[in-house]
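The values are calculated or read from the model by the stated rules, or taken from the named source; none is laboratory data. Small disclaimer: the values here were computed from a predicted structure and weren't measured. When we count neighbours, we look across all protein chains shown, and the Cβ atoms used for this are built from the backbone with ideal geometry, even at glycine.
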Amino acid sequence: MSDIVREAARKYRNWGTWGADDELGTLNYVTPEVVRRSAQLVRRGVTFSLAIPFDSTGPQINQPRRFNPIHRMILTGPDFTTGAFTRPGGAGFADDMVIMPLQCATQWDALSHCFLDGQLYNGYDANLVSSAGAGKNGIEKMARHIVTRGVLLDIPKLRGEPYVTLEKPVHGWDLAAAAKAQGVALQPGDALIVNCGREAYEREAGPWGADPWNRPGLHASCLPFIRDADVAVLVWDMLDFRPTGYTLNWGVHPVLFSFGVCLIDNARLDDLARACREEGRYDFMLTLAPLVVTGGTGSPLNPIALF
C-alpha cells in the first residue's frame, strides 16, 4: 500500500475524537436531531430496497474464503403431505436455513472488519479480533444507529455515461462536482451513497469484481472529500478502484476505517437513482438495520431508502 494512503490515514483519522473507549466512530454524528430531520424527508411514502438478492448468484467470485449464501430447506410441504413428519390436527410448517459469511452480499462492515498496520479504529490492537470474534468495534455496538439522512451522488448522471469504467474511476473532484450539480450539500451524520452504475455495468460487461485486481470504483482521491464531509456511513455499489499494478490497491477501505466511517458494500442503487433523477432531489431518509451479531465484524442487511 502506498505511503500516500498511510498519510491519509494518519492525517484524517478520528482516533480519540469521541474518547479513548469509543467503538462507534462517525456514527456518533447520528444524533436524535439528525434522525428527526431525516424523517421529514419522507414525502411520497415510497420505499426502495438497496439490497441485492441473498442467493447463489451473489457477488462472491474468485474469493479465497467467502462464498455466496447457501439456502437449504429443513422442513417442506412434502414432509407433511407424505406423512414423513406429522403434527396433530393436520397443521404443518416449513423451515429453512442459510449458511453464509457475514460479508457475502449487501453488508455492513463493522469497524472491526478492516485494519491498517495492525490497528483497528481508535487505535485498538487488531489481535482483539480473534477466533472468538471482535473484542472491540463489533457490529453489535452499531445496531441502534440505523436511521439518518441519505444523500446519493450520481456519477453516471454527472458524466452522461451509463457506468463508471476502469479507465475513469471516481475521484474526489467527481464527488464534489456531483454534489454541486445536484444542488445538495452533505451534513454531519449523513450516509453518503455513491452510485457508479454497477447494474448497468454488469448488464454489459459481466459481473463486477470477477477480476478482483482489475475493477472500477472509487479512487483514493475521494478520501479527503469523504472525511471533510463528516459523513457517518459510506454506501456504494462499486468499491475500491483496483487496476492491476496500481500502487493504491485497497486504497479506500482501510483508510475509511481509520476515519471511523462504516461501509455498506454491494448496494443496489439503480431504482433509487432513477427516482432521484425523476424527482430532482437526492436526499431522503435511510434505514440501516444490521443483525445484532455479538462480536461480528459485519452483517448482512437490507437498507431501505424512504422517499
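Quick notes on this one:
- TYR29 touching a helix residue (DSSP H, G or I) at 6+ places or on another chain (Cβ under 7 Å) and hydroxyl-bearing (Ser, Thr, Tyr): no
- The helices (runs of 4 or more DSSP H) located wholly in the stretch 136-238 that include 3 or more residues which are within 18 Å of the chain's Cα centre (by Cα) and crowded, with 20+ Cβ neighbours inside 10 Å occupy 223-228.
- Evaluation of LEU111 against the conditions (1) in contact with an Asp or Glu (Cβ under 8 Å, 6 or more places away or on another chain); (2) hydrophobic (A, V, I, L, M, F, W, C); (3) surrounded by fewer than 17 Cβ atoms within 10 Å (Cβ to Cβ); (4) in a loop (DSSP other than H, G, I, E, B) shows that the sole unmet condition is (3).
- Search result, residues across the stretch 9-59 that are among the basic types (Lys, Arg) and assigned to a loop (DSSP other than H, G, I, E, B): ARG13, ARG43, ARG44
- Residues of the stretch 244-269 classified as touching a strand residue (DSSP E or B) at 6+ places or on another chain (Cβ under 8 Å) and either buried (at least 24 other Cβ atoms within 10 Å of the Cβ) or modelled with pLDDT of 85 or more (or both), total: 16
- When the criteria are applied in full, VAL35 fails the requirement of being touching a Phe, Trp or Tyr at 6+ places or on another chain (Cβ under 6 Å), under 30 Å from ALA275 (Cα atoms) and in the same structural domain as TYR282 (by TED's automatic domain parsing).
- Test: residue in the stretch 47-55 that is free of Cβ contacts under 8 Å to residues at least 60 places away in the same chain and assigned by TED's automatic domain parsing to the domain that holds ASP240: yes
- Residue that is surrounded by the fewest Cβ atoms within 10 Å (Cβ to Cβ), among those in the stretch 16-61 that are of a type in the set (S, T, N, Q) and in contact with a strand residue (DSSP E or B) (Cβ under 9 Å, 6 or more places away or on another chain): GLN40
- The listed residues are GLY133, GLY77, and the only one of them that is on the phi > 0 side of the Ramachandran plot and either of a type outside the set (Ser, Thr, Tyr) or surrounded by fewer than 16 Cβ atoms within 10 Å (Cβ to Cβ) (or both) turns out to be GLY133.
- Some residue of the stretch 84-102 being under 30 Å from LEU256 (Cα atoms), touching a Gly at 6+ places or on another chain (Cβ under 8 Å) and at pLDDT below 90: yes
- Once the stretch 4-29 is narrowed to residues that are closer than 12 Å to ASP117 by Cβ and over 20 Å from the mean Cα position of the chain (by Cα), the residue that is modelled with the highest pLDDT is ARG10.
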